[in-house]
1. Does TYR136 qualify as being at negative phi, crowded, with 16+ Cβ neighbours inside 10 Å, under 17 Å from the mean Cα position of the chain (by Cα) and away from the ligand (no atom under 16 Å from the Cβ)?
2. Just the residues that are touching a helix residue (DSSP H, G or I) at 6+ places or on another chain (Cβ under 6 Å) and either polar (S, T, N, Q) or over 21 Å from VAL100 (Cβ atoms) (or both), please, taken from the stretch 24-65.
3. So if I check each of ASN68, ASN128, which one is outside any helix (DSSP H, G or I) and out of contact with any helix residue (DSSP H, G or I) (no Cβ under 7 Å at 6 or more places or on another chain)?
4. Which residue, of THR71, THR66, is within 14 Å of the chain's Cα centre (by Cα), crowded, with 16+ Cβ neighbours inside 10 Å and within 13 Å of the ligand (Cβ to nearest atom)?
5. Go through (1) in a loop (DSSP other than H, G, I, E, B); (2) buried (at least 16 other Cβ atoms within 10 Å of the Cβ); (3) within 16 Å of the ligand (Cβ to nearest atom); (4) of a type outside the set (Asp, Glu) and name the single condition SER82 misses.
6. Do we find a residue being over 14 Å from LEU144 (Cβ atoms), of a type in the set (A, V, I, L, M) and within 16 Å of the ligand (Cβ to nearest atom) anywhere in the stretch 37-56?
7. I'd like to verify a number: residues in the stretch 27-43 that are part of a helix (DSSP H, G or I) and surrounded by 15 or more Cβ atoms within 10 Å (Cβ to Cβ), how many?
8. Can ASP24 be described as surrounded by fewer than 20 Cβ atoms within 10 Å (Cβ to Cβ), under 18 Å from VAL105 (Cβ atoms) and either modelled with pLDDT of 95 or more or not acidic (Asp, Glu) (or both)?
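The values are calculated or read from the model by the stated rules, or taken from the named source; none is laboratory data. All of these numbers come straight from a predicted model, not from anything done at the bench. Positions of Cβ are backbone-derived with ideal geometry, glycine not excepted, and every protein chain shown enters the neighbour counts.
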Amino acid sequence: MEYFDVISKRYSCREYQNKKITKDELNKILEAGNLAPTAVNFQPQRIIVIENEELLKKLSLATKYTFNSKTIICVAHDVNVSWHRYRDKRDFGTFDSAIVTTHMVLEATNLGIGSCIVCSMDENMVKNILNLGENYIVDALIPLGYPKDEGHHNTRKKLEEIVEYR
Ligand SMILES: Cc1cc2nc3c(=O)[nH]c(=O)nc-3n(C[C@H](O)[C@H](O)[C@H](O)COP(=O)(O)O)c2cc1C
């Protein structure tokens, strides 16, 4: 698919078919995430693929937004590894995770796989379920699957509303 088609076609898919994506598709999505740039190339991200039914059930108690997906990717970062800006100590790990996440959802779109970026969750519950230590921040969950629906186009603000030239 053309690059601009991929970014135009991506949407938040909230209804999936009752079928798991293939290992090959999953690997391509993970590889795309791994090509993401990170601050100072520190690569603080930790990617956890959840396909175990028991864990998926537990995750559905930590967020309303699993959409019965059979594959969920958790994107977290290690605050002991992520770049903290020298001047103000700001942690850029979530920024890194956002780019990793974007790479993965765009590759999913490219493969005809639906995805949704989910941040509304009980983060502590997710950390407990996935056995992540104190040094981790959970940045997003990404349910994946074959879309049930046709997709949709969301309204966006006009460029004039968000861009200014000085
Ligand atoms: C940082 C972030 C957090 C989000 N969290 C959720 C969420 O918790 N649940 C959900 O259903 N969608 C979530 N979304 C999806 C947004 O609602 C969606 O991207 C937005 O409405 C635009 O729609 P589109 O993705 O279909 O273009 C999130 C998206 C982003 C970027």
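1. Yes, satisfied.
2. THR38, GLN45, LYS58
3. Sole residue among the options that is outside any helix (DSSP H, G or I) and out of contact with any helix residue (DSSP H, G or I) (no Cβ under 7 Å at 6 or more places or on another chain): ASN68.
4. Result: THR66 is the single residue among THR71, THR66 that is within 14 Å of the chain's Cα centre (by Cα), crowded, with 16+ Cβ neighbours inside 10 Å and within 13 Å of the ligand (Cβ to nearest atom).
5. Condition not satisfied by SER82: (3).
6. No: the stretch 37-56 contains no residue that is over 14 Å from LEU144 (Cβ atoms), of a type in the set (A, V, I, L, M) and within 16 Å of the ligand (Cβ to nearest atom).
7. Selection size over the stretch 27-43: 6.
8. Yes; evaluated as a whole, the condition is true for this residue.
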